[in-house]
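Everything on this sheet refers to the single structure shown next.
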């Protein structure tokens with residue numbers, strides 16, 4: 001796939017790199033990396049930031065082959081539909097550096113990565129707050145905890161004081177109230193509530209009675225005032241009649257038996273639960289009005305507890321996934337290690353066989369090879385001669401058999417009678433018998449000759465077969481080239497696995513050193529913490545403690561300087577090796593360029609030679 005080189009592509013590449021750097025992928029600033037490595041690395045980083053897995057090599061590898069680039073592009077493209085990316089992208093567009101089509105995908109990935117980082121930031125912040133609250137507490141929380149029990153007791157006492165109490169109860173022999181309004185008034189009167197004409201209206205009307213009516217008041221208005229007075233009197237009478245049918249409940253409530261209470265609770269358990277829940281809600285509303293800061297803190301604590309439980313479940317699930325992934329990776333590592341061992345043993349075997357072949361080839365004499373070629377040609381010639389001789393023998397045998405048949409026919413009685421009757425002489429019969437003996441003798445001689453030739457042919461065939469086996473043991477040029485290619489492929493595979501294993505060992509050693517240093521640091525801090533209180537108790541112990549601390553700090557500084565020096569040396573060595581690698585790459589490019597030019601010149605030379613031959617002919 002050829003890379004498009006135009007201004008628009010370069011502009012899109014610049015915009016993609018700016019987006020990746022703005023999102024936090026700073027490897028895009030490295031000038032030594034190719035645009036493919038920058039763009040593909042940035043896309044992989046965005047995908048992993050969004051909590052999606054990409055099946056790529058853990059260790060970075062520069063100057064990948066076209067097959068590796070296409071495989072990596074296919075893995076990235078396969079993840080995009082799972083992320084619900086609205087833009088379409090093909091692997092050949094990534095490998096061909098089609099930045100115009102890559103730009104919208106990178107833009108969407110960067111936006112998604114930034115959103116994911118913000119969500120993770122909120123999650124980490126809430127997790128940090130929860131961890132802080134597990135160990136420490138704010139002064140407001142301490143004050144709330146101190147006043148919590150007292151506030152609860154106060155609220156319970158107030159609710160008990162101001163709860164509605166039943167003061168009256170209807171007598172059992174009283175008549176039943178038919179209309180709903182009377183039942184409502186009777187129920188309210190049982191709890192000490194009197195509804196009807198309020199005291200304010202009574203006072204106002206009494207004052208109205210005391211005031212003199214104006215002179216211009218009509219008779220209709222006087223009648224309305226009289227009707228209102230009558231209604232008030234009727235209402236008072238009705239209330240009095242209801243009250244006469246009730247008895248005081250001061251001592252009635254204390255006379256409830258245990259059976260009646262159990263029956264009431266059993267019949268109204270659902271209503272009691274509902275009333276309790278409503279009371280709790282109203283109580284929370286009242287406490288929110290009285291102390292909004294305390295209730296806000298409790299609600300916040302409850303929400304945080306719920307969110308922390310959800311986070312714990314998510315982390316547990318994530319831990320299980322990581323454990324399964326670790327198990328799979330360990331199995332793959334064991335399989336790869338086993339394959340590497342088999343490849344090493346196979347490579348050693350092939351090396352031995354190749355050395356043996358080279359040894360045989362070096363020991364072989366050119367004159368012997370020439371003799372073998374001559375013998376092979378002789379064998380082919382003898383085979384052709386054998387075929388011709390067999391054909392000649394068959395023809396001769398057919399001719400002789402025909403002559404024998406003719407002679408037998410002449411010897412028959414009919415033939416002899418015919419000959420006698422024809423008057424042939426006796427010498428003819430004698431000459432015929434002599435001719436038959438001559439034919440038999442010649443036949444036996446030819447048969448013995450054929451037998452000897454067959455023996456000679458079998459001996460020559462055995463010699464030729466032995467020579468063929470010896471020739472076949474020496475590999476041809478095509479076979480040697482095939483062996484060489486296969487050895488090169490195996491060497492590349494072994495070197496890649498060896499490099500990966502070496503990097504794993506390096507990573508393991510680095511992490512192990514880090515672990516050792518952290519353990520030393522923790523042990524040092526623990527010893528300081530344990531000896532601090534004892535050392536500060538006495539001046540002499542304090543001075544000795546400070547001297548020991550100075551010695552420890554000095555030792556740490558020296559260790560740090562040694563590690564810095566080692567780091568600089570490794571960095572210089574890496575730079576030198578990188579320079580050598582770049583020089584070798586330049587030589588390789590020059591070599592390929594020279595080979596290409598040489599092939600082109602060879603092709604031109606062959607064309608000119610063919611034209612000259614055509615003109616000469």
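Some notes on this structure:
- Subset tally (residues that are under 18 Å from residue 49 (Cα atoms) and in contact with a helix residue (DSSP H, G or I) (Cβ under 8 Å, 6 or more places away or on another chain)) for the stretch 74-118: 16
- Options 521, 479, 500: the member that is surrounded by 11 or more Cβ atoms within 10 Å (Cβ to Cβ), assigned to a helix (DSSP H, G or I) and in contact (Cβ under 8 Å) with a residue 60 or more places away in the chain: 500
- Any hit, the stretch 454-461, residues being within 30 Å of residue 359 (Cα to Cα), modelled with pLDDT of 90 or more and under 60 Å from the mean Cα position of the chain (by Cα): no
- Yes/no for residue 112 being farther than 17 Å from residue 41 by Cα and out of contact with any strand residue (DSSP E or B) (no Cβ under 6 Å at 6 or more places or on another chain): no
- From 392, 468, residue being assigned to a helix (DSSP H, G or I), out of contact with any strand residue (DSSP E or B) (no Cβ under 7 Å at 6 or more places or on another chain), closer than 30 Å to residue 360 by Cα and modelled with pLDDT of 85 or more: 468
- Of the residues 576, 534, 588, 558, the single one that is free of Cβ contacts under 8 Å to residues at least 40 places away in the same chain, surrounded by 11 or more Cβ atoms within 10 Å (Cβ to Cβ) and part of a helix (DSSP H, G or I) is 534.
- Each residue in the stretch 12-35 was checked for being buried (at least 18 other Cβ atoms within 10 Å of the Cβ), in contact (Cβ under 8 Å) with a residue 40 or more places away in the chain and under 23 Å from the mean Cα position of the chain (by Cα), and 2 pass.
- Residues located in the stretch 11-44, provided they are within 19 Å of residue 95 (Cβ to Cβ) and either assigned to a loop (DSSP other than H, G, I, E, B) or out of contact with any helix residue (DSSP H, G or I) (no Cβ under 8 Å at 6 or more places or on another chain) (or both): 33, 34, 37
- Inspection of the stretch 136-150 finds no residue satisfying the criterion of being in a helix (DSSP H, G or I), at pLDDT below 85 and within 24 Å of residue 238 (Cβ to Cβ).
- Hits in the stretch 82-109 (condition: in contact (Cβ under 8 Å) with a residue 40 or more places away in the chain and either at positive phi or touching a strand residue (DSSP E or B) at 6+ places or on another chain (Cβ under 8 Å) (or both)): 97
- Unmet criterion (only one of (1) assigned to a helix (DSSP H, G or I); (2) surrounded by 15 or more Cβ atoms within 10 Å (Cβ to Cβ)) for residue 111: (2)
The values are calculated or read from the model by the stated rules, or taken from the named source; none is laboratory data. Please read these numbers as outputs of a predicted model, since none were measured by experiment. Using ideal geometry, Cβ is built from the backbone for each residue, glycine included, and neighbour counts are taken over all protein chains shown.
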